[in-house]
Amino acid sequence: MPIIRSDWKVILVTGANKGIGFELARQLAQLKHKVILTARDSAKGKEAVDRLISEGLEVYFQLLDVTDEVSIKQAAGQVKAQFGKVDVLINNAAVLFRDDQSLAEGTVEVFHKTMLTNVVGPIQVVRHFLPLIPSGGRIINTSSGGGSMTDPVGGWSPVYCVSKSALNAITRHLAYELSLRNISVNAYCPGWVKTDMGGKSAPRSVKQGVDTAVWLATASVTETGKFFRDRKVIPW
Ligand SMILES: NC(=O)c1ccc[n+]([C@@H]2O[C@H](COP(=O)([O-])OP(=O)(O)OC[C@H]3O[C@@H](n4cnc5c(N)ncnc54)[C@H](OP(=O)(O)O)[C@@H]3O)[C@@H](O)[C@H]2O)c1
């Protein structure tokens with residue numbers, strides 16, 4: 001078992017082999033936290049970990065497909081054996097399909113796959129990892145302004161946006177439930193970020209995109225059941 005000082009947190013990030021998740025793993029490891037970089041593909045995940053190790057960082061790989069309950073269960077078992085706890089769980093993995101163009105005329109397959117990864121995935125990860133999250137622990141759900149029920153509808157990727165509205169609702173209800181265990185649950189929007197999902201036209205870099213998540217994971221934030229962007233609470 002790695003040595004874990006009391007001021008270091010054990011932080012697990014889902015879907016961290018690239019994009020926002022990868023940059024989160026990097027910045028949290030730079031702050032000396034014990035970061036568990038998870039990915040659904042072993043080769044891609046190990047390659048990502050090797051990249052961070054070559055930068056002098058201490059990061060651990062764990063296989064985890066958020067749509068596969070067996071994989072989630074195995075991951076929770078292995079993390080328990082290796083680290084004993086998870087102080088901060090960051091639900092980051094998500095999908096956005098190119099043919100997600102219409103709620104009225106789109107295929108039910110796109111709807112199912114999106115909901116399975118973006119909605120059922122985070123809740124299943126929470127269920128299996130909850131026994132490892134101590135009092136004072138944090139759950140951070142990666143949402144999107146597209147899921148807001150206040151902002152005007154943008155007309156892009158409607159199924160994805162609905163999945164993020166559901167994730168926001170989950171955040172509020174879970175925060176209420178877990179307040180009894182003193183575990184906070186918040187959602188954040190990284191803004192529109194240059195990644196494979198966000199595309200090249202996005203105005204924000206991954207460094208800018210992860211700022212709020214790093215802050216929620218490490219600063220003395222006492223809020224729960226809230227939605228953040230740029231370190232500020234925004235309307236649902
Ligand atoms: N980029 C933006 O502008 C933007 C804006 C708002 C919110 N977000 C949110 O930010 C988060 C990260 O997005 P990103 O832009 O970094 O996207 P990305 O570059 O497409 O990365 C998504 C990550 O999720 C992983 N993933 C997908 N399905 C998975 C599964 N079943 N199990 C485990 N991992 C899985 C992917 O793994 P593979 O490599 O194996 O596919 C990849 O590592 C997402 O929640 C997204 O909705 C992004």
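The values are calculated or read from the model by the stated rules, or taken from the named source; none is laboratory data. Model, not experiment: these values are computed from the prediction. Note: ideal-geometry Cβ built from the backbone for every residue, glycine included; neighbour counts use all protein chains shown.
The single condition among (1) without any contact (Cβ under 8 Å) to a residue 24 or more places away in the chain; (2) in contact with a strand residue (DSSP E or B) (Cβ under 9 Å, 6 or more places away or on another chain) that Lys34 does not meet is (1).
So, of the residues in the stretch 114-161 that are in a loop (DSSP other than H, G, I, E, B) and touching a Leu at 6+ places or on another chain (Cβ under 8 Å), which turns out to be nearest to Ser71 (Cα to Cα)?
Here is the first cut: in the stretch 114-161, the residues in a loop (DSSP other than H, G, I, E, B) are 133-137, 143-144, 148-157.
From what is left, the residues that are touching a Leu at 6+ places or on another chain (Cβ under 8 Å) are 133, 137, 143, 157.
Working: Ile133: 19, Gly137: 23, Ser143: 23, Ser157: 28 Å.
Restricting to residues being in a loop (DSSP other than H, G, I, E, B) and touching a Leu at 6+ places or on another chain (Cβ under 8 Å), the top hit is Ile133.
A Cβ distance below 7 Å, combined with a sequence gap of six or more or placement on separate chains, defines the contacts here; from the stretch 52-64, residues that are within 13 Å of Thr38 (Cβ to Cβ) and in contact (Cβ under 8 Å) with a residue 60 or more places away in the chain reach residues that are outside any helix (DSSP H, G or I) and among the β-branched types (Val, Ile, Thr) in the pairs Leu64/Thr14; Leu64/Thr38.
Can you find, within the stretch 107-122, the residue that is nearest to Ala213 (Cα to Cα) among those that are of a type outside the set (Gly, Ala, Ser) and under 11 Å from the mean Cα position of the chain (by Cα)? Restricting to residues being of a type outside the set (Gly, Ala, Ser) and under 11 Å from the mean Cα position of the chain (by Cα), the top hit is Pro122. Among the criteria (1) more than 13 Å from the ligand (Cβ to nearest atom); (2) in a loop (DSSP other than H, G, I, E, B), the one His173 does not fulfil is (2).
In the stretch 64-89, what residues are within 15 Å of the chain's Cα centre (by Cα) and not hydroxyl-bearing (Ser, Thr, Tyr)?
Narrowing the stretch 64-89 to residues within 15 Å of the chain's Cα centre (by Cα): 64-67, 72, 86-89.
Leu64, Asp65, Val66, Ile72, Val86, Asp87, Val88, Leu89, listed by residue number.
Say whether the condition of being in contact with a Pro (Cβ under 9 Å, 6 or more places away or on another chain), surrounded by 15 or more Cβ atoms within 10 Å (Cβ to Cβ) and more than 18 Å from Asp211 (Cα to Cα) is met by at least one residue in the stretch 19-28.
As a first pass, look at the stretch 19-28 and keep what is in contact with a Pro (Cβ under 9 Å, 6 or more places away or on another chain): 20.
From what's left, surrounded by 15 or more Cβ atoms within 10 Å (Cβ to Cβ): 20.
Restricting the remaining residues to those that are more than 18 Å from Asp211 (Cα to Cα) gives none.
No, the stretch 19-28 contains no residue that is in contact with a Pro (Cβ under 9 Å, 6 or more places away or on another chain), surrounded by 15 or more Cβ atoms within 10 Å (Cβ to Cβ) and more than 18 Å from Asp211 (Cα to Cα).
The set of residues from the stretch 195-229 being surrounded by fewer than 18 Cβ atoms within 10 Å (Cβ to Cβ), part of a loop (DSSP other than H, G, I, E, B) and among the basic types (Lys, Arg) comprises just one member, Lys200. The set of residues in the stretch 94-114 that are within 16 Å of Gly146 (Cα to Cα), of a type in the set (A, V, I, L, M) and buried (at least 17 other Cβ atoms within 10 Å of the Cβ) comprises Ala94, Val95, Leu96.
Per-residue answers, yes or no, for (1) farther than 21 Å from Val59 by Cβ; (2) modelled with pLDDT under 95; (3) aromatic (Phe, Trp, Tyr); (4) within 10 Å of the ligand (Cβ to nearest atom):
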site: Val79; (1), (2), (3), (4): no, no, no, no
site: Gln101; (1), (2), (3), (4): yes, no, no, no
site: Gln124; (1), (2), (3), (4): yes, no, no, no
site: Gly137; (1), (2), (3), (4): no, no, no, no
site: Gly145; (1), (2), (3), (4): yes, no, no, yes
site: Ser148; (1), (2), (3), (4): yes, no, no, no
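Within the stretch 135-152, does at least one residue satisfy the condition of being crowded, with 21+ Cβ neighbours inside 10 Å and among the aliphatic types (A, V, I, L, M)? Yes: the stretch 135-152 contains one or more residues that are crowded, with 21+ Cβ neighbours inside 10 Å and among the aliphatic types (A, V, I, L, M).
Kindly indicate whether any position in the stretch 136-148 is more than 25 Å from Thr212 (Cα to Cα) and either under 19 Å from the mean Cα position of the chain (by Cα) or in contact (Cβ under 8 Å) with a residue 12 or more places away in the chain (or both).
No, the conditions are met nowhere in the stretch 136-148.
Return yes when Ser42 is more than 13 Å from the ligand (Cβ to nearest atom), out of contact with any His (no Cβ under 6 Å at 6 or more places or on another chain) and within 25 Å of Asp196 (Cα to Cα) and no when it is not. In short, no. Of all the criteria given as (1) touching a residue at least 12 places away in the same chain (Cβ under 8 Å); (2) more than 16 Å from the ligand (Cβ to nearest atom), the one not satisfied by Lys73 is (2).
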